[in-house]
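A short reminder: the numbers here are calculations on the coordinates, not readings from a lab. All values derive from a computational prediction rather than experimental measurement. No Cβ is skipped: glycine too gets one built from the backbone with ideal geometry, and neighbour counts run over all protein chains shown.
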Ligand code: B1M
């Protein structure tokens, strides 16, 4: 579909106004929100990621592309939101301390919201003490942690330990994800689950909540 490839190209070039216009156009053409997300917005961001890896673009271009991606995400977000009277459980999401990447976590959040869960997103660069306070205050069924850097993912272990020390481990299941994270790392640090992408995160949440 031409509009979707145009959305991808506009994310890649960081043209927020065009992303806004094309995302609305795709919706008016009857494209499904998850298709616009996967084949348009994420496709564009993946192309930027590849160029970043190969030193063909640098941080300013990546930031501008991220902003354009976010403009599209915000248009799609309400379409993933559930009827608030039928929420299936509460989930806290956080990008851990030291890490500012949040695009993937936002997509995970949108998928979960779309499936009927209430999502409390603590944002980026979140410390373990903040997470512990939020778990006490919000009493979620699931705590989801995201990390995109190999240097920050080790902090997930600290968060799991802090939850344990606060006596909250029996109350909340912990799911981790983000590109450097693996299933074996999740096992190693004592997380309950790992998901490589947003769709798997939703599946993992369903499996963990069914175990209760
Ligand atoms: Co950064 N960055 N970045 N960056 N950045 C990466 C991650 C990197 C792989 C690029 C590269 O070198 N190839 C690399 C990390 C290398 C490593 O550690 N292995 C990197 C680096 C090095 C850095 C800096 C250190 C660069 C610098 O300053 N020299 C710096 C660090 C800043 C910090 O965090 N302290 C930095 C900065 C940035 C920006 C701020 C410019 C920007 C972030 C903007 C933002 O997020 N608001 C940025 C971006 C955009 C990227 C890339 C290009 C794209 C990430 C992205 O949004 N992908 C990325 C390269 C890449 O990934 N190819 C890169 C699209 C998104 C849909 O996918 O985030 O993987 P992803 O999310 C997926 C899954 O991972 C999973 O589901 C999501 C949806 O399917 N998932 C979960 C994510 N969280 C989950 C949680 C779950 C379950 C699944 O459960 C709770």
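Here are some notes:
- Cα-based shape type of region 70-154, given that a ≥ b ≥ c are square roots of the gyration tensor eigenvalues and the cut on a/c is 1.5: oblate
- Between residue 184 and residue 211, the FRET efficiency from the beta-carbon distance, with R0 = 25 Å, is close to 0.75.
- The chain, helix-only ellipticity at 222 nm - DSSP H runs n ≥ 4, -39,500 (n - 2.57), divided by all residues, nearest 500: -16500 deg cm²/dmol
- Computed over the chain: relative contact order in percent, which uses C-alpha pairs under 8 Å that are six or more apart: 16 percent
- Two-site label geometry, residue 200 and residue 38: point separation in nm, points 7 Å out along Cα→Cβ: 1.5 nm
- A Förster radius of 35 Å combined with the Cβ-Cβ distance from residue 67 to residue 139 puts the calculated FRET efficiency at roughly 0.55.
- Global geometry of region 90-211, whether rounded, prolate or oblate, following the gyration tensor of its Cα atoms and the 1.5 cut on a/c: rounded
- Of the residues 52, 58, the one with the fewest other Cβ atoms within 10 Å heads the list, and the complete ranking is 58, 52.
- Listed peptides 130-138, 5-13, 97-105 appear in the order 5-13, 97-105, 130-138 once ranked by packing, highest mean of other Cβ atoms within 10 Å at the front.
- Cα centroid of region 43-115 to Cα centroid of region 142-183, whole Å: 19 Å
- Efficiency of FRET between residue 90 and residue 25 - r from beta-carbon atoms, R0 35 angstrom, step 0.05: 0.50
- Footprinting exposure proxy ranking of 57, 108, fewest other C-beta atoms within 10 angstrom first, gives 57, 108.
- Prolate/oblate/rounded label for region 2-79 (Cα gyration tensor, a/c 1.5): prolate
- Exposure proxy ranking for 120, 71, based on other Cβ atoms within 10 angstrom of each Cβ and starting from the fewest, stands as 120, 71.
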